[in-house]
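As structure tokens, the structure follows; a few thoughts come after it.
The values are calculated or read from the model by the stated rules, or taken from the named source; none is laboratory data. If you're wondering where the values come from, they're calculated on a predicted model, not measured in any experiment. Glycine gets a Cβ as well: all are built from the backbone with ideal geometry, and neighbour counts include every protein chain shown.
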Amino acid sequence: MEMAIFSYPGLHFVLKWLHIFFGIMWIGHLYYFNFTQGTFMAQTDAPTKSQVQQKLLPVALYWFRWGAMWTFVSGLLMLHTASKIGFSIQGDWGVKILTGAAFGTLMWANVWFQIWPKQKIVIQSATQVAGGGSAIPEAAAAGAAALLASRTNTLFSIPMLFFMVAAPHLSIEMDLANQTTYYIFLLVVLGALEYNALKGKLGPITTVKGVITAGFILTAVVYFGMEVIL
């Protein structure tokens, strides 16, 4: 008896299931950091803040960064198996899924190469101070850089989710001859925002309300760009 799961469609389904599972782990922690922990840390006292940084933050960041890693890996494998079951990155599905993947890839890179390295400095500084030592001078700047990258990931998560879900569920008529123009547009938008994530300021994404509002505006900008260009 043939089992459905032992086929390319079955494999693709399993990868999608894992992609969603790890994605919930990742984005759930992202929203926890930005919507819940950040508000709490701004209101609590110094000893409690130190305990959070020493004890809670390392555990949460472990699940956060590995959720990001396995979401990324399972997504790449999904793209590979999709071609075996009739999906093509050359078609409208591909434009939508690659748009979502572009946001997701930058988010993954921000986790591993910006947020996690900066937060390690914050954790180490809090641990040294609690042990009677001196704070690491770069800790405050590291925390600010991690916050900016984390807020940017929250911004990116909204269009990322929109285009990932849109790929199989939202039909868009496209003139695929204009794909190059569209991808240049997307690259300019993403490049500007990622540059700000690394070198800029929080600006309108300082608050939770601000980052959510900006995320929906960014989704609309990219969506209408897709409709107009393609």
Check your understanding: Which pairs do you get when a residue that is in a helix (DSSP H, G or I), found in the range 4-20, comes within reach of a residue that is loosely packed, with under 13 Cβ neighbours inside 10 Å and small (Gly, Ala, Ser), reach meaning Cβ atoms under 9 angstrom, with the pair 6+ apart or on two chains?
Key -> Gly10/Ala4; Phe13/Ala4
Check your understanding: Has the range 187-200 got at least one residue that is acidic (Asp, Glu) and surrounded by 14 or more Cβ atoms within 10 Å (Cβ to Cβ)?
Key -> yes
Revision key, fill the gap. Flagged in the range 62-93 as small (Gly, Ala, Ser), in contact (Cβ under 8 Å) with a residue 24 or more places away in the chain and assigned to a helix (DSSP H, G or I), in numbering order, are Gly67, Ala68, Ser74, Gly75, Ala82
**Study point:** Exclusive hit being at pLDDT below 95, touching a Ser or Thr at 6+ places or on another chain (Cβ under 8 Å) and of a type outside the set (Val, Ile, Thr), set Leu18, Leu11, Leu30
**Key:** Leu11
Practice item. Take Ser125 and decide whether it is of a type outside the set (Val, Ile, Thr) and farther than 24 Å from Asn34 by Cβ. Key: no
Practice item. Select, from Ser125, Ser150, Ser134, Ser157, the only residue that is of a type in the set (Ser, Thr, Tyr) and either in contact with a Cys (Cβ under 9 Å, 6 or more places away or on another chain) or exposed (fewer than 15 other Cβ atoms within 10 Å of the Cβ) (or both). Key: Ser134
Check your understanding: Just one of the numbered conditions (1) over 30 Å from Ser171 (Cα atoms); (2) modelled with pLDDT under 95 is not true of Ala60; which one?
Key -> (2)
Exercise for review: For Ala142, indicate whether it is part of a helix (DSSP H, G or I) and either at pLDDT below 95 or over 22 Å from the mean Cα position of the chain (by Cα) (or both).
Suggested key: no
